[in-house]
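Inspection log for the structure reproduced underneath, given as structure tokens.
The values are calculated or read from the model by the stated rules, or taken from the named source; none is laboratory data. Nothing here was measured: the structure is a model prediction, and the numbers come from that model. Cβ: placed from backbone, ideal geometry, glycine included. Neighbour counts: every protein chain shown. Accessible surface is based on the protein model in full, side chains and every heavy atom, while ligands, DNA and RNA are left aside. Shrake-Rupley method; radii C 1.70, N 1.55, O 1.52, S 1.80 Å.
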2 protein chains.
Amino acid sequence: MARRKVELSPERIRTVALELIDRHGLDAFSTRKLGIALGCEAMAIYWYYRSKEDLLDAVVDELVVSIARVVDEASTDWVGTLRAVAHAYRKLAHDHPRAFPLLATRRFSSASTFAFLEKLFGLARAQGISDRTSAQFYRVVSSYCSGFALNELAPQPTSLAHLKKFPAVAHVSKWLGEDQLDGIFEFGLELQLDALRASR
Amino acid sequence: MARRKVELSPERIRTVALELIDRHGLDAFSTRKLGIALGCEAMAIYWYYRSKEDLLDAVVDELVVSIARVVDEASTDWVGTLRAVAHAYRKLAHDHPRAFPLLATRRFSSASTFAFLEKLFGLARAQGISDRTSAQFYRVVSSYCSGFALNELAPQPTSLAHLKKFPAVAHVSKWLGEDQLDGIFEFGLELQLDALRASR
DNA sequence: GAGTCTTATTTTACAGTGTAAGAGTCGGCT
DNA sequence: AGCCGACTCTTACACTGTAAAATAAGACTC
């Protein structure tokens, strides 16, 4: 048997898992298919992860870390940092559209998530922003980003048949199209960041 | 055999489906268990719905309709209507915490969704709000509500072990607790509605 | 009332799922 | 050489969604 050749590891497993989800979607993802992609039997995965749920948590973690990196590279200005995080979050949804719902649905209380929050809130405190304010705006902005990204990933095909029966929607639909998404996201985000600036 | 006695119907099926999801969660929901709850075989469901996905779409629809009703009862003021819808949306998440992720994840382009949007946008037009503005604020506010509700449904248990290692998070965590959710939701919502009022 | 058609439901079957339990195989240790 | 612990595979089980066909009951025609 060709054992010990594929060199399984937690990192490789979750990386290949993400690749598989990206390529074929969450529904099609199974431990058996992951095994094939890794070159091992499905059960070998269970040495590194207690369950499929555990593995998916690890995949989410990998994605969170990629956002956390943005905080390091950001300027010292907290508003700017929050903006950068918001954009990174949305970019993540575009880069991994089929994995993103995982991130939006799942509770994440892993160490790397905390490390991310620590950097973000540490920066806020260093700039004299009150804990209450930073907590408020973090929740508001992150909720907005999460919801917005999720919405744009599940786009309705603007059924023309329906539009005939719903004239008001027909009129407004011009401003609901995909070409408007960037602008509206920016609009809503800046609206919130303006309020943050004003609150100081 | 006791046929034709249980009186199956699309409405009953999707209602019992929602009950089952509410009680035991999405993961535990299966066509077989639904069959047992309905008093029929699993395959009988397929006479009324083409697939499990189809059925879940119908469940989502049922939930959307319950929100649409709010628009009828609302005052003529569009800002007030949008606020009422936002609150109804969050209330839905509290009333059906285990079904809500369906609503947030799934594309809904059903007739009842369009009927809802028609009422909402029709009201906006009647009050002279530009199509662009109503589209913008609808997307922003609905994204915010969706993301906020999803976040509060997946609460992290504020791991005390982690808090020792992350002092900034520990300080801020006071404002991130469940007791703050109502206030923060309101804060973020009004922040957006203020901007809507100001834009006129 | 007998025969046929339509609608509703069950039966049977299949390929696929997550994972528990145990068996097997290897490298490195004494 | 023998053993141990770290890995991996094999087997098995209960459960999933649903295609295909069998079946039953009412409605409709003659």
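For the reader, a short list of remarks on this structure follows.
- Count of the range A:10-35 residues which are away from chain B (no Cβ under 14 Å) and within 12 Å of DNA strand D (Cβ to nearest atom): 8
- Matching option when the condition is open to solvent by 60 Å² or more (accessible area, probe 1.4 Å) and more than 15 Å from DNA strand C (Cβ to nearest atom), among B:52, B:33, B:91: B:91
- For the range B:121-144, the criterion of being under 23 Å from residue A:122 (Cβ atoms) and in contact with a helix residue (DSSP H, G or I) (Cβ under 9 Å, 6 or more places away or on another chain) is met by no residue.
- Residue in the range B:56-73 that is touching a Cys at 6+ places or on another chain (Cβ under 9 Å), over 23 Å from residue A:165 (Cα atoms) and not small (Gly, Ala, Ser) present: no
- Residue B:76 falls short on exactly one of the conditions (1) closer than 18 Å to residue A:150 by Cα; (2) in contact (Cβ under 8 Å) with a residue 12 or more places away in the chain, and that condition is (1).
- Qualifying positions in the range B:85-128 - part of a loop (DSSP other than H, G, I, E, B), within 10 Å of another protein chain (Cβ to nearest Cβ) and either β-branched (Val, Ile, Thr) or touching a residue at least 12 places away in the same chain (Cβ under 8 Å) (or both): B:106, B:108, B:110
- Pairs, first within 14 Å of chain A (Cβ to nearest Cβ) and closer than 12 Å to residue B:17 by Cβ in the range B:36-65, second among the β-branched types (Val, Ile, Thr) and within 12 Å of DNA strand D (Cβ to nearest atom), C-beta under 9 Å, six or more apart: B:52/B:31; B:52/B:45; B:56/B:21
- Qualifying residue in the range B:67-75 (condition: away from chain A (no Cβ under 14 Å), within 13 Å of DNA strand D (Cβ to nearest atom) and part of a helix (DSSP H, G or I)): no
- Residues (under 18 Å from residue B:118 (Cβ atoms) and open to solvent by less than 50 Å² (accessible area, probe 1.4 Å)) located in the range B:66-88: B:66, B:67, B:68, B:70, B:71, B:74, B:78, B:81, B:82, B:84, B:85, B:88
- Criterion (basic (Lys, Arg), open to solvent by 10 Å² or more (accessible area, probe 1.4 Å) and more than 7 Å from chain B (Cβ to nearest Cβ)) met by exactly one of A:164, A:174: A:164
- Residues being more than 7 Å from every other protein chain (Cβ to nearest Cβ) and in a helix (DSSP H, G or I) - total across the range A:146-161: 5
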